[in-house]
Amino acid sequence: MNSLDGVMVIGLTGQTGAGKSTVSQIFVANGFQLIDADAISHHIVKRGSHCLADLRECFSDAILRPYGELDRQMLASIAFSDRQKLETLNTIMYPYIMGEILRMIHRFSQQNQKLILLDAPTLFESRADDFCDVILSVVADAPIRQARIMKRDGISEQAALRRMNAQLTEEFFREHSDIILENNAGLKELSNSAQELAVKLIRYYQAKFGVLV
C-alpha cells in the first residue's frame, strides 16, 4: 500500500489479451491519472540509457538495431524462449520501472491528483502491488485471449502461446486480486462493468477521505 496521504492507487493487471487496455481507458475517462508501465518500459530503454546498457551487457549486441536502439522484437524472441532469460530480463528492468513509477506517483500527488491508475502487466512480478490500495485484474478464457493476441500483435499461434505461458496463471490473479473483471462476453459488456466499477471506486475514495473529485 502506498504511504502518501490522500492518494489512492488502483493497480490494474491481468492476463495478456484479456482486455486490460479497455478498462484503463474507461478509468482515465472517469478522472483517474494513468501510470502506464508499458510506456515506462519503452522510455527506460531508449538509446543511451543505463537500462539499455545493462541489457546489452547481458544479451549482447544482438538486441540492438543498427543505430543503437533496442530491437524489442529480437529481445522478446530471446527472453520468451527461455524462462531463465525472461527472469534475467525482468531483474534488469524492474528496478528502473519501479523508480519511475514512484516518481510519477509523487508527482501526481504534488499536483493534487489523488486518484491514480497503475496499469502494469507485471504488477505482481515487479512487486509494484506494494504501492497499490486496490488490485484489479482482468481475465478471459485462453482461446479468446490467444486469438486477440495474434490479431493485435500480428504473431503466430505458437508465439502467442509462449507469451501466455510466460504469465502468471488465472488462479494466481484470482487469489491475489481484490477485484476480478471477466472479459469473455465482449467489449460492450467489459466497458459497462469497468464504468460501474470506476464510479464505485470514486465513491469509495470520497467516503474514505471526505473529499470530492
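See the values below:
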{"read-out": "Which numbered condition ALA39 fails, given (1) of a type outside the set (Ser, Thr, Tyr); (2) in a helix (DSSP H, G or I); (3) farther than 29 Å from ASN192 by Cβ; (4) open to solvent by 10 Å² or more (accessible area, probe 1.4 Å)", "value": "(3)"}
{"read-out": "SER24 open to solvent by less than 40 Å² (accessible area, probe 1.4 Å) and either at pLDDT below 95 or out of contact with any His (no Cβ under 8 Å at 6 or more places or on another chain) (or both)", "value": "yes"}
{"read-out": "Extreme residue, surrounded by the most Cβ atoms within 10 Å (Cβ to Cβ), among residues of the stretch 164-189 that are out of contact with any Asp or Glu (no Cβ under 8 Å at 6 or more places or on another chain) and under 19 Å from ALA76 (Cα atoms)", "value": "GLN167"}
{"read-out": "Single unsatisfied condition, ALA128 versus (1) closer than 18 Å to GLN33 by Cβ; (2) surrounded by fewer than 19 Cβ atoms within 10 Å (Cβ to Cβ)", "value": "(2)"}
{"read-out": "Residue under evaluation GLN158, criteria (1) under 13 Å from GLN15 (Cα atoms); (2) assigned to a helix (DSSP H, G or I), criterion not met", "value": "(1)"}
{"read-out": "Close pairs (6 angstrom Cβ cut-off, 6 or more residues apart or separate chains): within 23 Å of LEU89 (Cβ to Cβ) and among the polar types (S, T, N, Q) in the stretch 116-141, in a helix (DSSP H, G or I) and open to solvent by 20 Å² or more (accessible area, probe 1.4 Å) anywhere", "value": "SER126/TYR94"}
{"read-out": "PRO143 vs. criteria within 15 Å of the chain's Cα centre (by Cα) and either polar (S, T, N, Q) or open to solvent by 20 Å² or more (accessible area, probe 1.4 Å) (or both)", "value": "no"}
{"read-out": "Residue in the stretch 3-21 that is least open to solvent (accessible area, probe 1.4 Å), counting only those that are out of contact with any Leu (no Cβ under 9 Å at 6 or more places or on another chain) and under 18 Å from PHE124 (Cα atoms)", "value": "GLY17"}
{"read-out": "Inter-residue pairs, beta-carbon under 6 Å, first open to solvent by 60 Å² or more (accessible area, probe 1.4 Å) and in the stretch 42-60, second not in a helix (DSSP H, G or I), 6+ apart", "value": "ARG47/GLY68; ARG47/GLU69"}
{"read-out": "Of all residues making up the stretch 52-96, the number that are assigned to a loop (DSSP other than H, G, I, E, B) and under 21 Å from ARG163 (Cα atoms)", "value": "4"}
{"read-out": "Whichever residue in the stretch 132-173 is among the charged types (D, E, K, R) and in contact with a strand residue (DSSP E or B) (Cβ under 6 Å, 6 or more places away or on another chain) and, among such residues, is modelled with the highest pLDDT", "value": "ASP133"}
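The values are calculated or read from the model by the stated rules, or taken from the named source; none is laboratory data. The shown structure was predicted, so the numbers you read here are calculated from the model rather than taken from an experiment. Counting neighbours? That spans all protein chains shown, and the Cβs are built from the backbone with ideal geometry, glycine included. Note: areas computed on protein heavy atoms with side chains; ligands, DNA, RNA excluded. Shrake-Rupley method; radii C 1.70, N 1.55, O 1.52, S 1.80 Å.
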